[in-house]
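Contents: one structure, followed by commentary.
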Amino acid sequence: MKTLINSGRMSCLIAGVSLLGLLGACNKQNPSATEAPMVAPPVAALPMATGAAAPFAPAPVGAALPPGPSQVAYAPRPAAERYGYIDRAYSMGQAFADTPPDYAVDYQGTRPWIWRAGNGAYRIVERLPRGERYYYYEPGQDQPFFVQDPDYGYAYDSSGLAAVYGPDGAQLADALAMRRAEEASRYMYRAQQLYRASQYQQRQSAYASEWAMRREDLRAQDLMWQQQQARNANWREWHDAHTAQEQQQWRQERDQRAAYAAAIGLAGAATAGTSRSSAAPNPTELARRQASYFSNWNSSHAQGAAPTAVASRTAPAGVPQAQTSLAPTKLATAATQQTANSKDAQAATAQARIAQAKATEANVAQAKAADAQRHDVAAAEAKTAQAEHAQRLAVEAKQREAAAAQAKAVQTQHAQQLAAQAKQQEAAAAQAKVAQTKIAEEQAAKSKVAEAKVVQKQAAQAEHAQELAAKAKQREAATAQAKAAEAKDAGAKAAQAKAVEVKATEEKAAHAKAAQAKFAEAKAAKAKDKAEGKPTANDAKDRHPAKDRQSDNPQ
């Protein structure tokens, strides 16, 4: 079991030791200011910054992250393939080894760390209020294939959410995994934004002091995956079947970073003591070593390749320099001397190579011994970490049980409250229904009364209209009768007036006729009197004119 746990780390250390032999023949772990580093720093690495870390907020927890533009669907892969995602993330983490973050960026008030592999793969780590959140990206991909938070792991592929892993590294059942799809969607959207920030935001140095504080969290994650893989037969089976492929993919990155870590003093510090916390070097000293290493590397490569340690011999002293052309004999002698010097130089070069090979063998032997010691220390650390992890798991389990019990009590109380509220709502609904029924009945009765009143009013109005119509007819009849009576009376009056007029006319005519007759009679009498010689009426008028006028105008 111990061999299985440390198999990945052993291969990493052995490959790193082979590169460490190139750093010097005296097992120097820290290059001096004048030495030219033989291993390049990581491709995107910046030396860490010294001083106190600037204040940055932790990243939001999953539930506080904004939802993405689309929901990630749960599309599980076949059960035999699901451990491939977490195992690839584990292999990538092993390749980055114990090296500090290559750089950091500012993103929405947080400061995520970024590791960039030479093949274009990325790992981004965010600090949370509790623990860390890790994002793993394949080369050239802006969305992760794996995200790990302190509680769950999420595997992604082109189809969506491929698998979900619990706190123990085991796959969750499909029903439980589907419940994590919403949080997986939030992580996917966050991961895409972080990847974009890692590409386009200004790169900044990570703080050495902050890395020293959080370094153990990163190592604990790596160790926890080792232990989970050792306990999980399905995961271990997948890992064993794909070890060669993953080793081939990450060997160059792992070896380069292991040599780089050893060159700046991390590899030795990691196994110098039995306590993991005491293994961390002083942050200021580590940053100084990094800066010196980067400076030496840049200087040496700006001037060309570092000089090769090859012995050389100078020409013999005292040979006079010819002022004129050499004679043939002297030329032959010089050629012979030059050939001898060349042979001596070749012999010296061969001896130097042999010495270098022996030194390298000694370094390898020494490195193997150191590796064996590191195995023992790693095993002890693993055992201590397992105990600490087991204790932490037990405490967390108790906390989860207490939280679950509390949550259950809260749920029970909430259920009771909901039931009471439901009963109250039912009673209120029943009362409301009764009240509504009563109101409806009252409204119906009022409507009927109102309708009856309307009918009565309409009937009264109709009756009144009929009365008005009758009265109008009566008035019209009376008016007609009055008009007829008036017409009749007027006719009678007109007839009467006409009769009076006729009578007056007749009377006048009669008077006129009578007057005429009387006149004629008077005239005749006058004429008779005249004829008889009697005095006439005219003679009497002459005697009594006034009396005659009165008699001439009878009434």
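How many residues are at positive phi and part of a strand (DSSP E or B) if we restrict to region 104-134?
0
In region 148-169, which residues are within 16 Å of Gln227 (Cα to Cα), in contact with a Lys or Arg (Cβ under 9 Å, 6 or more places away or on another chain) and among the small types (Gly, Ala, Ser)?
Gly169, the sole residue that qualifies.
Quick one: Arg111 ticks every box in (1) of a type in the set (D, E, K, R); (2) farther than 21 Å from Ser185 by Cα; (3) under 19 Å from the mean Cα position of the chain (by Cα) except a single one, so which number is it?
Of (1) of a type in the set (D, E, K, R); (2) farther than 21 Å from Ser185 by Cα; (3) under 19 Å from the mean Cα position of the chain (by Cα), only one is false for Arg111: (3).
Any residue that is β-branched (Val, Ile, Thr) and either modelled with pLDDT of 90 or more or outside any helix (DSSP H, G or I) (or both) - is there at least one of those in region 294-309?
Yes, region 294-309 contains at least one residue that is β-branched (Val, Ile, Thr) and either modelled with pLDDT of 90 or more or outside any helix (DSSP H, G or I) (or both).
Residues are listed down the side, and each one gets a yes or a no for (1) buried (at least 23 other Cβ atoms within 10 Å of the Cβ); (2) hydroxyl-bearing (Ser, Thr, Tyr); (3) closer than 20 Å to Leu128 by Cβ:
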position: Pro144; (1), (2), (3): yes, no, yes
position: Asp149; (1), (2), (3): no, no, yes
position: Tyr154; (1), (2), (3): yes, yes, yes
position: Ala163; (1), (2), (3): yes, no, no
position: Gly166; (1), (2), (3): no, no, yes
position: Arg186; (1), (2), (3): no, no, yes
position: Tyr189; (1), (2), (3): no, yes, yes
position: Leu194; (1), (2), (3): yes, no, yes
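Read through the list (1) surrounded by fewer than 16 Cβ atoms within 10 Å (Cβ to Cβ); (2) touching a helix residue (DSSP H, G or I) at 6+ places or on another chain (Cβ under 9 Å), then give the number of the only condition that Ala212 fails.
(1)
The values are calculated or read from the model by the stated rules, or taken from the named source; none is laboratory data. Note that this is a predicted model, so its numbers are computed, not measured. Every residue, glycine as well, gets a Cβ built from its backbone with ideal geometry; the counts of neighbours run over all protein chains shown.
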